[in-house]
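S.K.: Just passing along the structure, written as structure tokens.
Bear in mind these aren't lab numbers, they're just calculated from the coordinates by the rules spelled out. A quick note: this is a predicted structure, and the numbers were derived from the prediction, not measured. Methodologically, a virtual Cβ is constructed for each residue, glycine included, from the backbone with ideal geometry; neighbour enumeration extends over all protein chains shown.
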Amino acid sequence: QKEVEQNSGPLSVPEGAIASLNCTYSDRGSQSFFWYRQYSGKSPELIMFIYSNGDKEDGRFTAQLNKASQYVSLLIRDSQPSDSATYLCAVVRTGANSKLTFGKGITLSVRP
Amino acid sequence: EADIYQTPRYLVIGTGKKITLECSQTMGHDKMYWYQQDPGMELHLIHYSYGVNSTEKGDLSSESTVSRIRTEHFPLTLESARPSHTSQYLCASSEYLTGGGYTFGSGTRLTVV
């Protein structure tokens, strides 16, 4: 089992719809959770982070965390064609020697 | 403005040449990382550093080497480039206690012909 798994893609949604991106992780000691967006040919860009169980909203983006189920998700409301990108989930234990563990990513396509 | 810089942005070089990819950050981060990523594929950690004079190999075996003589600078060197080294190389940095995420540079797209 991979340490961070993202549901298979690609994911295609119509413009204006809600896109739901899911991620599960295996390390129960994980404490911080991140979503990165990567446009084709570009570097990853941090768009959301969440540390506590529940929801965290930032504009059209909502991150959801359930540590008991080892599950983190990203919801994108009112999806726009500019949201078309690969979304990477990453998790980490806080500590001096910790490193982020990235998922493989899921590619989202928003159809106009 | 605090940031992380990679140069060159694109590099096309012949087989057998020695190359150094530069990465510098002005955020005062202790931790720095090099990732390799082929188009449409996942990130692979190839090197990381927790501070000056600290370097470690990552999860993916790489023929490259790195050095960390100054906090802000983390160059990656290939002694003899081969076509199999063709890829995108991404540098990132983070604070010492990695409760926060990584900041990535713009990347270097390397093509070895």
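S.K.: If you take each beta carbon of peptide A:35-48 and count the beta carbons of other chains within 10 angstrom, what is the mean?
M.R.: Rounded to a whole number, the mean comes out at 4.
S.K.: In Å, what Kirkwood hydrodynamic radius results for region B:26-80 from the alpha-carbon pair distances?
M.R.: Details: mean 1/r = 0.0850 Å⁻¹.
Kirkwood radius, region B:26-80: 11.8 Å.
S.K.: Would you please give the residues with an amide H less than 5 Å from that of residue A:109, counting only those at least 5 places away or on a separate chain, with H modeled from the backbone geometry?
M.R.: Under 5 Å from the amide H of residue A:109: A:11, A:12, A:13.
S.K.: Check each of the chymotrypsin sites (Phe, Trp or Tyr not before Pro) in region B:56-113 and keep only those in coil by DSSP with at most 16 other C-beta atoms within 10 angstrom; list them in order.
M.R.: Those satisfying the criteria are B:96.
S.K.: Given the convex hull of the Cα atoms of chain A, what is a quarter of its surface area in nm²?
M.R.: The orientation-averaged projected area of the Cα hull of chain A comes to 7.0 nm².
S.K.: Considering only DSSP beta bridges where both residues belong to the protein assembly as shown, give the percentage that are antiparallel (nearest 5). Don't skip to the end; give the middle numbers.
M.R.: Working: 68 of 76 bridges.
Counting DSSP beta bridges with both partners in the protein assembly as shown, the antiparallel share is about 90 percent.
S.K.: Let me ask something else. Just for chain B, what percent of DSSP beta bridges are antiparallel, to the closest 5?
M.R.: Values: 31 of 35 bridges.
Taking every DSSP beta bridge within chain B, about 90 percent pair in antiparallel fashion.
S.K.: For chain B, set up a Gaussian network in which alpha carbons nearer than 10 Å are linked by springs, and say which option among B:60, B:90, B:21 fluctuates the most.
M.R.: Maximum fluctuation in the GNM of chain B, among the listed residues, is at B:60.
S.K.: Which percent of Cα-Cα pairs in the protein assembly as shown sits in each 10 Å bin, short to long?
M.R.: Calculated over all Cα pairs of the protein assembly as shown, the distribution is 8, 32, 34, 20, 5, 0 percent.
S.K.: Please find, in a Gaussian network model of chain A (springs between Cα atoms separated by less than 10 Å), the residue of A:30, A:20, A:82 whose mean-square fluctuation is greatest.
M.R.: A:82
S.K.: On to the next question. Applying the Karplus parametrisation 6.51 cos²θ - 1.76 cosθ + 1.60 with θ = phi - 60° to the phi angles of region A:46-57, what ³J(HN,Hα) value in whole Hz is obtained for each residue in order, glycine and proline being reported as x?
M.R.: The phi angles translate into 5, 10, 8, 9, 8, 10, 10, 4, x, 10, 9, 10 Hz.
S.K.: I'd like the Karplus ³J(HN,Hα) series for region B:69-74: coefficients 6.51, -1.76, 1.60, θ = phi - 60°, whole numbers in Hz, and an x wherever there's a Gly or Pro.
M.R.: Listing the rounded values in order: 8, 10, 4, 7, 10, 9 Hz.
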